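I have placed the structure first, in the form of structure tokens, so that the comments after it can refer back to it.
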Amino acid sequence: MTDADQTRITQLLDRLGEQPGAMARLSELVYQDIHRLAHYQRFEMRAGETLRTTALVHEAFLKIFRDGSADPDIEDRQHLMRLMGRVIRQIIVDHARRKLAEKRGAGAQHEPIDDQSLMDTSEREAAGVLDMESALERLERIDPDLADTVSARFFAGYTADEIAEIKSTSRRTVYRDLQRATAWLRLDMGG
Amino acid sequence: MRLRAVPGHAVMTTHHAELTDTRRRALDKLLTGYLECPVKEQADYIARCRRRWPRLSRWLAELIGHSQTVSLLDRSFNHLASEALASSNDQSVQPLETGRRLGPWRVTEPVAQGGMGSVYLGERADGAFELDVAIKLLKLRGRGLGQHLQRECRYLARLDHPGITRLLDAGLDQQAGPFLVMEWVDGQNLGEWIQSTRPNNRRRLDLFEQIVEAIGHAHQRLIVHGDIKPDNIRIKNNGQAKVMDFGVARLLDAGDQSDRVRAMTPAFAAPEQLAGEPVTPHSDIWSLGALLHWLLCGKTLSRHCEDLTSELSCKGVERSVELAAMIGKASATTPEYRYQSCAELIDELHRLRQHHPLRAMPDSRRYRMVRFVRRNPVLVGGITATIIALSAGLTATTSMYLEAERAWRAAAAEQAQADARAAELEQVASFQEQQLGEIDPEQFGAVIRQNLLRQREDMSPQDDHSSTVAALERALAGINFTDAALESLDRTFLDQTRTAINEQFGNQPEIKARLLQSLASTQVALGDHQQAMDPQTTAFEIRRTVLGKSHPETLHSARELGRLHKFLQDYEQALKLVEMAIEGQTEHLGATHPDTLLSKRDMADINSKQQKFDEAEALLRNTLNGQRQVLGNDHPETLMTMNMLGLLFVDRGQPADGIEYLETALEKRRKVLGEQHPHTLISLNNLGITHADLGDFQTAEEIHRQVFYARTKQLGSDHGNTLRSLSNLGFAVQQQGRLEEAESLHRQALEGRIRVLGEAHADSWTSMNHLALTLTSMEQHGEAQALFERALEVAYEHFGPGHRRTLATASNLSTSKQRSGDLEGAARLSGQSARQAVEHLGQKDWVTAAMLMNHARVLKAGGEYRESASQAEAAHEIFARTLGKDHPRTIDCTELLVRVHNQWFKATKDESLRQQARHWEERAEHSTD
């Protein structure tokens, strides 16, 4: 974890501490979750994904507490986890939409130089994320709780074990849920 | 996770539309039930579902399939996530106002907002001197950034190259954060430049070379760019390319780590960079490959593009094959396969420009040949011209020797330097080996011939072309151009090399041996085994005397010499040498060292040539096991051994066992080496021949057709290997009774072979026989016999009177005469070949029996039963003794004996003959039991 990360987390915790009521109750839990992520980052991950997930988690915190300003009324860790999954998912999906919209908008101008039909990596990812978003929306209609679990896992970077702990259920159940969710998402994303 | 390029549900199959939410819920319950089921009961569960809910179960099966994929959907939006993060940061950044000071600099106008920060045009605030600069604000936070920036700046200041924008200053502003100040470049970025000037291919490549040079300058100073892309290249108005933002990627590494992803552009970033590893010169080379692709066709390089060549040629890029190979090598996924430095890449660009063979294209000899001719369009006019061309090449090489030798003598006093010289000499020699070894004499011969004809046409434009050219073609038909090419190579290039080695290194035995070994290897690579014998033997003997018999170099020479003896069919000698190599290698390298294993394989090959199949099999299996352990299952050498094991079975008359190995080797070669690799094609060809051996001509035909097309494309239609495939194809077609088609294929093959190899070549002989046999089946005896007669002449001259091939041709001709009613002529020939067989091959060779049997057949047709029976009996005895009494040929002969005696009885009514017929009949029946 870099200095910059540390600074931001400290600031974040300070802000949380300043919040009245629910925030005060939560700060301990939040602190725990952030440190869990930091720990995970330091010891287990290769450079890359989780790191970015961590950064996004911070971003999501900011968004939750800044945008919801007064009191986001978070009840417990499970609620927080659900919120985190949704917010990060929203940040990424919004960005993907913007990205593809820009691409379409810009298409006409530079046609001769760069073949616009060829997407770069993040554009392909953007398309994939939107694909996943539609599939998730379908999943939400038949099992909203499963959609939240899967968002927490895929977007907020919670591990299956953590999800099990937070939801007070068995690890096996979470694995099975994720398996079920993967099946539905893959089916709806066309393999 | 595999991502689809199109968002939404457009690709969904129609039955998805039936999946209403109600059904989904029901299905979800079934899926949950399945996942909760113990593994043992899952099959039952599915069966139960299928009975009760047949329609839903279709979905269930699909869902279960998807649920078993372990890979999760994460890792799929790395870049997007970091971009999302970046853009959410952006919203909080306020642009700097005009006139704002940053250290001694003043902002004059905003220029661009980028992923890593924003750029402003600026100037000196203190008016000390007039200078336009680019000020770049970096989105970096972190402790100790000030010192870090200064350190990096000193580091970047080492860059001083006209192709690199200079870094002038760097600092940390309390509010704005860290900033860099760079030389301002008036001009366009790469994209704009291409749009406005529409440069041709050549110009684009020149520009690319400038860029590579600049990057190379930095790499030499241990500075990596890390974000090479079109936006980072500016073209000044005088056409000079300037690379910007050097080392910024590295600077960003120091900041918040989540910024690292933002510091590169995914389309131009090497795979390892995308995986989060730090940037290196290798990743820069990857980016340069992607940049070259973009420069040439305006598209970003797709990481999964399988056919770069057609992509480039579709965009109208010339020399697309070579450029695609260059891009492929520069942007290889594995860093070790890329160009190892910018210098290497520049060298490749020069090779491309001068029509020298590219490093990126190692496999195609034809390609090298064509490049050679392209380089020397005037010289490669005919044989003499070729000699001149090669001599010119030689002069350069010989003078290199002389020069090296002079220098060597000058430094003789210092042993260390002398060693260096020897290493240099070896480089010269191995260079020569490599260059010459790449020449394919068959290809070369074909080129010489074509050029001769073309010259003739050019010289006499007034003449009646067709007749003079036809006359020349007739005159050339007797020449084997492959041999001619080989000879001219040998006489010009290698002869002088031999002399040079002897004269200049006579008193330095070790170097002499090394050079002789190299010369011999060159000749072997050229296929000139006879000529290689002398230098190879000398090299071996020198090494044995000077280095001792267990020195690795001696052992290497021993094995090579053994191989040579094997080629020249002196198996005893070959075996002795290879045994010596194995013994030494086992002792010094170990029994399972790859080199030891190769020697064992050589020994197996020799054994199988001597028909010692069991020994050969044991050795091959031993080699195969060793190679599997040491080199792995998919190593090309392992596959070669597997292929040889398959061929051994085929040779031994067990094609069905052989096919298994051949097919495995083929599959792996396809996978490891690719569909079109020469080894893969050899495997395929072997498989085709084996299928024909087993009587499956339909499969054989398919296979040979495939090989023929691939070789035509790779080697051209006039190459010996292509013609071999054509001939094999013709045989498979012929055996299926499609005679007219077979006739045309054999004609093509024969014409090609005469063109390339001359009439007096074993391959041409084969084609004459094939074509004549086909014509005989078509009852076109006139032409068939004329062909057989030509083939017979070739055989007499080429193989000698008692050779199996000569005998076979004579026997074919006699059959044809018999079928056309010329019994007398037939009998004369069959009798002659039977006598020659007895004389040359003796009574222990089944070919002699075949000749006797053929003669018996002709005699029977002429009513000479007594003589026929006696010949057939002699044949039968030999067949039974050499092949066994149950062999199809023996049985065939028994049946002939039955027919002869029956007809003889009919003609004479002599009862004893009928009994004899019955006796043979019983034997025939007995052996078929």
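A short reminder: the numbers here are calculations on the coordinates, not readings from a lab. Here the structure is a predicted model, which means the values were calculated and not measured. A quick note on method: Cβ atoms are made from the backbone with ideal geometry, for glycine too, and the neighbour counts reach across all protein chains shown.
A compact table of results
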quantity: Under 23 Å from B:Lys136, Cα to Cα: lysines that are on another chain or at least 8 residues apart; calculated: B:Lys229, B:Lys236, B:Lys242
quantity: Per-residue HN-Hα couplings for region B:802-810 [Karplus 6.51, -1.76, 1.60; θ = phi - 60°; Hz; x = Gly/Pro]; calculated: x, 6, 3, 5, 4, 4, 4, 5, 4
quantity: Amide proton proximity set for B:Asp169, modelled H, under 5 Å, gap of 5+; calculated: B:Val181
quantity: Burial order of peptide ranges B:200-209, B:850-859, B:646-655, B:747-756 (average beta-carbon count within 10 Å, highest first); calculated: B:850-859, B:747-756, B:646-655, B:200-209
quantity: Full-stretch length increase - B:Arg652, B:Arg353 - with 0.36 nm per residue and alpha-carbon distance subtracted; calculated: 102.4 nm
quantity: Proximal charge balance of B:Trp105 [Cβ under 15 Å; K/R count +1, D/E count -1]; calculated: -3
quantity: Shielding of B:62-68 by partner chains, average beta-carbon count, 10 Å; calculated: 6
quantity: Overall form of region B:155-252 per C-alpha gyration tensor (a/c, 1.5; a/b vs b/c); calculated: prolate
quantity: Gyration tensor (alpha-carbon) shape descriptor, region B:831-929, a/c threshold 1.5; calculated: oblate
quantity: Cβ-Cβ FRET estimate between B:Leu19 and A:Asp94, R0 fixed at 25 Å, reported to 0.05; calculated: 0.35
quantity: Sum of side-chain charges, B:Arg804 neighbourhood, beta-carbon under 14 Å (Lys, Arg +1; Asp, Glu -1); calculated: 0
quantity: Nitroxide proxy distance, nm - points 7 Å out along Cα→Cβ at B:Gln676 and B:Glu615; calculated: 4.3
quantity: Estimated distance in nm for a label pair at B:Asn625 and B:Glu824, the labels positioned 7 Å out from Cα along Cα-to-Cβ; calculated: 6.7
quantity: Stokes-Einstein translational diffusion, region B:310-357 - Kirkwood Rh over all Cα pairs, 1.306 mPa s, 10 °C, in µm²/s; calculated: 140
quantity: Other protein chain Cβ atoms within 10 Å, averaged over every residue that makes up A:174-182; calculated: 5
quantity: Positive minus negative residues near B:Ala616 (Lys, Arg vs Asp, Glu; Cβ under 15 Å); calculated: -1
quantity: Label-to-label distance, nm, for residues given as A:Glu165 and B:Gln573 (7 Å Cα→Cβ offset); calculated: 7.9
quantity: Alpha carbon convex hull of region B:14-67, volume per residue in cubic angstrom; calculated: 71
quantity: Share of Cα-Cα pairs in region B:620-701 lying beyond 21 Å, as whole percent; calculated: 25
quantity: Computed E for B:Glu667/A:Gln78 - FRET, C-beta separation, R0 45 angstrom, nearest 0.05; calculated: 0.30
quantity: In sequence order, calculated HN-Hα J values of region B:193-198 (Karplus, 6.51, -1.76, 1.60; Hz; x Gly/Pro); calculated: 4, 5, 5, 7, 9, 6
quantity: Amide proton proximity set for B:Val111, modelled H, under 5 Å, gap of 5+; calculated: B:Val119, B:Tyr120, B:Leu121
quantity: Mean Cβ neighbour count within 10 Å, used as a protection proxy, ranking B:555-562, B:816-823 highest first; calculated: B:555-562, B:816-823
quantity: Shielding of B:188-199 by partner chains, average beta-carbon count, 10 Å; calculated: 1
quantity: Residues with amide H under 5 Å from that of B:Leu131, placed H, sequence gap 5 or more; calculated: B:Arg124
quantity: Relative packing of B:37-43, B:609-615, B:770-776, B:899-905, which averages over residues the other C-beta atoms within 10 Å, highest first; calculated: B:770-776, B:899-905, B:609-615, B:37-43
quantity: Cα shape, region B:695-799, gyration tensor, a/c 1.5 rule; calculated: oblate
quantity: Taking region B:147-187 and dividing mean pair separation by its residue count, relative contact order in percent (alpha carbons under 8 Å, at least six apart); calculated: 32
